[in-house]
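Asks: This is the structure I want to talk about, given as structure tokens.
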Amino acid sequence: MRIGTYQLENNVIVAPMAGITDRPFRQLCRRLGAGLAVSEMLSSNPLVWKTEKSMNRMDHSGESGIRAVQIAGADPELMAQAAQFNVSNGAQIIDINMGCPAKKVNKKLAGSALLQFPGLVEEIIDAVVSAVDVPVTLKIRTGWDQDNRNGVEIARIAERYGIASLAVHGRTRACMYKGEAEYATIRDIKRSVSIPVVANGDITSAEKAKQVLDYTGADAIMIGRAAQGRPWIFREIDHYLRTGEHLPVPPIEEVRGILMEHLVNLHAFYGEPMGARIARKHVSWYLQTHDSDGQFRRVFNALDNPQAQIETLEQYFKTLAAN
């Protein structure tokens, strides 16, 4: 899998997820087998670039691997400026968001709302590609709703205006995250363009990854929600795609190590009290299968102090290992 001049280590990619794919999470996923990890969505509005949230999202200091930054907006000129700003800040790939279904994004005509306006899609892609000398990628959905699946049309526009790689989530905007992803449109898109196509949506296992790649002919897959609390899914999928064999389920001691590493890095990245607050959702995801009744998570979610979180988790794993 190549994106412009960049050769990926494999074809398993971390999807950009707002509030999730911060630097600690990207680094962890990369260490555990992801070939590329795309940053959280950044607004093209320059008025918010100096806010704490945006500054954190732009932070790639010390990050290994290819730095891919996703930008969102509906104004071609502002999107071009955002691309230039992020390249000057170290971005090696710019990704355009035309897939986010969130209302607060769509009401500004950004994200997947843009799929309703192919002419504006053309203008934005043309402006961004022309503004920077790094590869520009695009993430879309299959269309606006079931009656307007125009993914093939958008893909052809993307190819025509210089997009280096196209990621497609197998749902329309109207679907949000409900129901099941469909891959027929992704297959049609792959057959319609010559640029690399990345399949996304409901890929939760190594077998599913292979099935989707075989069915669609896509060049790579993108994992989002399935990696929450399970960042080792990337090495599992990569290993299976290369060998046809399954890696063993990580033992509880390794899960403890990965979780503690993630926790400490979140505390360091965000500081107090934000690091401890953000850690809660990640810990909840990691422990879903072990803490099925949610009893420990209720205790953990009441903790605001980083050290208290670390000590409480250490004790939890000691108890888990003893049982």
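Asks: How about segment 71-87: which of its residues are among the polar types (S, T, N, Q) and modelled with pLDDT of 95 or more?
Replies: Q81, Q84
Asks: Also: Quick one: in segment 74-100, which of the residues that are within 17 Å of the chain's Cα centre (by Cα) and small (G, A, S) is farthest from G151 (Cα to Cα)?
Replies: In this case the residue turns out to be A91.
Asks: Could I ask something else about it? Please list, ordered by first then second residue, the pairs with beta carbon atoms under 7 Å, 6 or more apart or interchain, first in segment 45-72 and over 24 Å from K103 (Cβ atoms), second among the hydroxyl-bearing types (S, T, Y).
Replies: I66/Y6; A68/S39
Asks: When you go through A276, A322, A308 one by one, which is the residue that is open to solvent by 60 Å² or more (accessible area, probe 1.4 Å) and among the small types (G, A, S)?
Replies: Result: A322 is the single residue among A276, A322, A308 that is open to solvent by 60 Å² or more (accessible area, probe 1.4 Å) and among the small types (G, A, S).
Asks: Right, next: Name the one entry in D188, D202 that is under 21 Å from G33 (Cα atoms), modelled with pLDDT of 95 or more and surrounded by fewer than 24 Cβ atoms within 10 Å (Cβ to Cβ).
Replies: Result of the check over D188, D202: D202.
Asks: Continuing with this model, one more query. Identify, please: which residue in segment 176-188 is out of contact with any Asp or Glu (no Cβ under 8 Å at 6 or more places or on another chain) and without any contact (Cβ under 8 Å) to a residue 40 or more places away in the chain and is, among those, farthest from L213 (Cα to Cα)?
Replies: K178
Asks: Of the residues R297, R230, only one is surrounded by 14 or more Cβ atoms within 10 Å (Cβ to Cβ), on the phi < 0 side of the Ramachandran plot and at pLDDT below 95; which?
Replies: R297
Asks: Any chance segment 18-26 includes a residue that's touching a residue at least 12 places away in the same chain (Cβ under 8 Å), among the basic types (K, R) and over 22 Å from I258 (Cβ atoms)?
Replies: no
One line per residue, one yes/no per condition, for (1) of a type in the set (S, T, N, Q); (2) surrounded by fewer than 16 Cβ atoms within 10 Å (Cβ to Cβ); (3) over 21 Å from the mean Cα position of the chain (by Cα):
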| position | (1), (2), (3) |
| --- | --- |
| D147 | no, yes, yes |
| I157 | no, no, yes |
| G170 | no, no, no |
| A174 | no, yes, no |
| A184 | no, yes, yes |
| Y215 | no, yes, yes |
| M222 | no, no, no |
| A226 | no, no, no |
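Asks: Can you list the helices (runs of 4 or more DSSP H) lying wholly within segment 206-323 that have 3 or more residues being touching a residue at least 24 places away in the same chain (Cβ under 8 Å)?
Replies: Qualifying helices (runs of 4 or more DSSP H): 206-216, 233-243, 252-270, 274-286, 306-322.
Asks: Name the residue, out of K107, K103, that is farther than 28 Å from S64 by Cβ, more than 19 Å from the chain's Cα centre (by Cα) and not polar (S, T, N, Q).
Replies: Being farther than 28 Å from S64 by Cβ, more than 19 Å from the chain's Cα centre (by Cα) and not polar (S, T, N, Q) holds for just one of K107, K103, which is K107.
Asks: If V249 satisfies all but one of (1) open to solvent by less than 60 Å² (accessible area, probe 1.4 Å); (2) modelled with pLDDT under 95, what's the number of the condition it fails?
Replies: Looking at each condition in turn, V249 falls short on (1).
Asks: Let me ask something else. Would you point out which residue out of G111, G99, G65, G151 is modelled with pLDDT under 95, touching a strand residue (DSSP E or B) at 6+ places or on another chain (Cβ under 8 Å) and on the phi < 0 side of the Ramachandran plot?
Replies: G99
Asks: Condition first: open to solvent by less than 50 Å² (accessible area, probe 1.4 Å), in contact with a helix residue (DSSP H, G or I) (Cβ under 7 Å, 6 or more places away or on another chain) and of a type in the set (S, T, N, Q). Now tell me which residues in segment 80-137 satisfy that.
Replies: N97, N106, S112, listed by residue number.
The values are calculated or read from the model by the stated rules, or taken from the named source; none is laboratory data. Because the structure is a prediction, the values reported are computed rather than measured. Cβ coordinates were reconstructed from backbone atoms using ideal geometry, including for glycine residues, and neighbour counts include every protein chain displayed. Quick note on the areas: whole protein, heavy atoms, side chains included, nothing else; ligands and nucleic acids left out. Shrake-Rupley method; radii C 1.70, N 1.55, O 1.52, S 1.80 Å.
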